[in-house]
Amino acid sequence: QLRLVESGGGLVHPGGSLRLSCAPSGFTLDYYAIGWFRQAPGKEREGLGCISSSGDDTNYAASVKGRFTISRDNAKNTVYLQMNNLKPEDTATYYCAAEPGTVMTCLTALTYRVWGQGTQVTVSS
C-alpha cells in the first residue's frame, strides 16, 4: 500500500517557525504532485498549497501565502512545508498527499490518491 509519512510537527510559540517533511513509503515522488492540507477538530480539511512533480510550480491558499513555502528535493525523495510566523489559528493536524502527473485542483483533497497519517502542529503561548 502506497503511503506518505509526515514529520516535524510540534509545539511552537506564535511567531515561530516549523519545517514539516513528507516522505514516501515504498515508492519515489519523482512523478507526483504534492499537496499539503490541515484539519482542526470540527473543521473541514483545508488545502494549503501544492507543488508540481518537477518543483517548478507552486500554489498557495490565501490564508498561508507569504508565510508557508513548499519545496521538494527529489534526490532525497522528500517534500517540505516551511511554516513561518505561525499563528494560533494554524493549530491543526497537517497532512501531505500525492497524485501522479499534473493536478488541476490542487487544493482539493479528492484530487489526491496517496495520503500520510498527519503530524500535529500546535501554536500556543
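The values are calculated or read from the model by the stated rules, or taken from the named source; none is laboratory data. Quick caveat: nothing in here was measured; it's all calculated off a predicted structure. Don't worry about glycine lacking a Cβ; one is built from the backbone with ideal geometry, like all the others, and counts go over all protein chains shown. The accessibility values were calculated without ligands, DNA or RNA, using every heavy atom of the protein model including side chains. Shrake-Rupley method; radii C 1.70, N 1.55, O 1.52, S 1.80 Å.
With a 1.4 Å probe and all protein chains left in place, how much of the accessible area of the chain comes from carbon and sulfur atoms, in whole percent? Numbers along the way, then the final one.
On the way: 3090 of 6440 Å².
C and S atoms contribute 48 percent here.
Taking the Cα centre of the stretch 41-125 as the origin and placing charges on Cβ (Lys, Arg +1; Asp, Glu -1), which of Val103, Val114, Gly42 is farthest toward the positive end of the dipole?
My answer, from the dipole projection, is Gly42.
Lysines near Lys43 by alpha-carbon distance under 27 Å, same-chain residues fewer than 8 away left out - which ones?
Reachable lysines: Lys65, Lys87.
Each label point is 7 Å from the Cα along the Cα-to-Cβ direction; what then is the distance between the points at Thr28 and Leu110, in nm?
3.3 nm
Please list, by residue number, every one of the GluC sites (Glu not before Pro) in the stretch 24-125 that is coil in DSSP and has at most 13 other beta-carbon atoms within 10 Å. Spell out each step's value before the answer.
Numbers: sites: Glu44, Glu46, Glu89; in loops: Glu44.
Sparse-neighbourhood loop GluC sites (Glu not before Pro): Glu44.
Leaving ligands, DNA and RNA out of it, work out the accessible area of Leu107 with a 1.4 Å probe and give it in Å² to the nearest 10.
70 Å²
Provide the gained length on full extension for the span Gln117 to Lys87, in nm with one decimal, where the gain is 0.36 nm per separating residue minus the Cα-Cα distance. Numbers along the way, then the final one.
Working: separation 30, 0.36 × 30 = 10.80 nm, distance 2.28 nm.
Value of the extension gain: 8.5 nm.
Springs between alpha-carbon atoms under 10 Å, Gaussian network over the chain: tell me which of Leu48, Leu18, Leu110 tops the mean-square fluctuations.
With Cα springs under 10 Å in the chain, the top fluctuation among Leu48, Leu18, Leu110 is at Leu110.
Accessible area per residue for the chain in Å², computed with a 1.4 Å probe and the full protein assembly in place, what is it? Write down the numbers at each step before the final one.
On the way: 6440 Å² over 125 residues.
With the other protein chains kept in place, the chain gives 51 Å² per residue.
Under 14 Å from the Cβ of Asn85, count the other residues' Cβ atoms, weight Lys and Arg +1, Asp and Glu -1, and hand me the total. Write out the running numbers ahead of the final one.
On the way: positive: Arg19, Lys65, Arg67, Lys87; negative: Glu89, Asp90.
Net charge in that neighbourhood comes out at +2.
Over all alpha-carbon pairs of the chain, lay out the pair-distance distribution in 10 Å bins, whole %, shortest bin first.
Each 10 Å bin holds this share of Cα pairs: 14, 50, 30, 5, 0.
I'd like the trypsin sites (Lys or Arg not before Pro) in the stretch 1-102 restricted to DSSP loop residues with at most 11 other Cβ atoms within 10 Å, sorted by number. Could the numbers behind the result be given before it?
Numbers: sites: Arg3, Arg19, Arg38, Lys43, Arg45, Lys65, Arg67, Arg72, Lys76; in loops: Lys43, Arg45, Arg67, Lys76.
Qualifying residues, ordered by number: Lys43, Lys76.
Nearest 20 debye, what's the magnitude of the dipole of the chain about its Cα centre given +1 on Lys and Arg Cβ and -1 on Asp and Glu Cβ?
Numbers: 11 positive and 10 negative charges, 41 e Å.
Roughly 200 debye for the chain.
How high is the relative contact order of the chain, in percent, with contacts defined as C-alpha pairs under 8 Å that are six or more residues apart? Walk me through the numbers on the way to the answer.
Numbers: 321 pairs, mean separation 45.9, N = 125.
This gives 37 percent for the chain.
Have a look at Ser125, Val64, Ala33 and report the one farthest towards the positive end of the charge dipole of the chain, computed about the Cα centre with Cβ charges (Lys/Arg +1, Asp/Glu -1).
Most positive-ward Cα: Ser125.
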